[in-house]
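Here's the structure we're looking at; comments come further down.
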């Protein structure tokens, strides 16, 4: 079982010219068709020549709006997380019973127990996959909504700051286009700060620091991991 969201797909497709965006009045493609209906960028006469980078995925999660909405989604998914954990514990209990008592059972009883484990295992796997897909879809919906508002803002910021190209570094090389880039050209924090200022969403409250506790040890399992409940 795990309590983390799977990493939502964020292809590195923002390596586009700001000038071209301004001329075409359209945003580039984005994760899960996030920018298909995004508003046209407001940048005009972009003639910058600087090159910058932005981790779009990190920017979305770092915004106050993103932190708020992903945390709300995490709490929303907790009941399903607990339900799947209970089902997994039941399967593990039956497996343990088979392991410790299997040689003491007659063929019929042992066969019945094996069949019960197989049925519950398959049912759990289906539930986990369905829950994972549902969580992924809801996570992508949040990311899409934020990106639709962030896109035009990013284009204007880049044009006003003299950038001619902004490259997305969400996917590290070799899956992404950037082999290496120094922090001096990264505009992620600047865009996040600008987004927060314009969104009006307050920063989420941080809980007071508490003394760390020793995590409990969980038995090994061959079942798939539970669906995520927290953003990356």
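Before moving on, here are some points about what is shown:
- Residue count for the stretch 98-115 satisfying the condition of being surrounded by fewer than 14 Cβ atoms within 10 Å (Cβ to Cβ) and either in contact with a strand residue (DSSP E or B) (Cβ under 9 Å, 6 or more places away or on another chain) or in a helix (DSSP H, G or I) (or both): 12.
- With respect to the conditions (1) farther than 23 Å from residue 65 by Cα; (2) modelled with pLDDT of 95 or more; (3) surrounded by fewer than 18 Cβ atoms within 10 Å (Cβ to Cβ), residue 141 falls short on a single one, namely (1).
Yes or no, residue by residue, for (1) modelled with pLDDT of 95 or more; (2) assigned by TED's automatic domain parsing to the domain that holds residue 153; (3) more than 20 Å from the chain's Cα centre (by Cα):
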{"site": "48", "(1), (2), (3)": "no, yes, yes"}
{"site": "51", "(1), (2), (3)": "no, yes, yes"}
{"site": "73", "(1), (2), (3)": "yes, no, no"}
{"site": "76", "(1), (2), (3)": "yes, no, no"}
{"site": "79", "(1), (2), (3)": "yes, no, no"}
{"site": "83", "(1), (2), (3)": "yes, no, yes"}
{"site": "89", "(1), (2), (3)": "yes, no, yes"}
{"site": "97", "(1), (2), (3)": "no, no, yes"}
{"site": "100", "(1), (2), (3)": "no, no, yes"}
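- In summary, residue 204 fulfils each of the numbered conditions (1) more than 30 Å from residue 123 (Cα to Cα); (2) modelled with pLDDT under 90; (3) out of contact with any helix residue (DSSP H, G or I) (no Cβ under 6 Å at 6 or more places or on another chain) with the single exception of condition (3).
- Enumeration of residues in the stretch 143-170 that are out of contact with any helix residue (DSSP H, G or I) (no Cβ under 7 Å at 6 or more places or on another chain) and farther than 12 Å from residue 53 by Cβ: 145, 148, 149, 151, 152, 156, 160, 161, 162
Residues checked against (1) modelled with pLDDT under 95; (2) assigned by TED's automatic domain parsing to the domain that holds residue 74; (3) in a helix (DSSP H, G or I); (4) over 27 Å from residue 72 (Cβ atoms):
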residue	(1), (2), (3), (4)
156	yes, no, yes, yes
159	yes, no, yes, yes
164	yes, no, no, yes
170	yes, no, no, no
175	yes, no, no, yes
178	yes, no, no, yes
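The values are calculated or read from the model by the stated rules, or taken from the named source; none is laboratory data. For clarity, every value in this text was computed on a predicted model and none was experimentally measured. Positions of Cβ are backbone-derived with ideal geometry, glycine not excepted, and every protein chain shown enters the neighbour counts.
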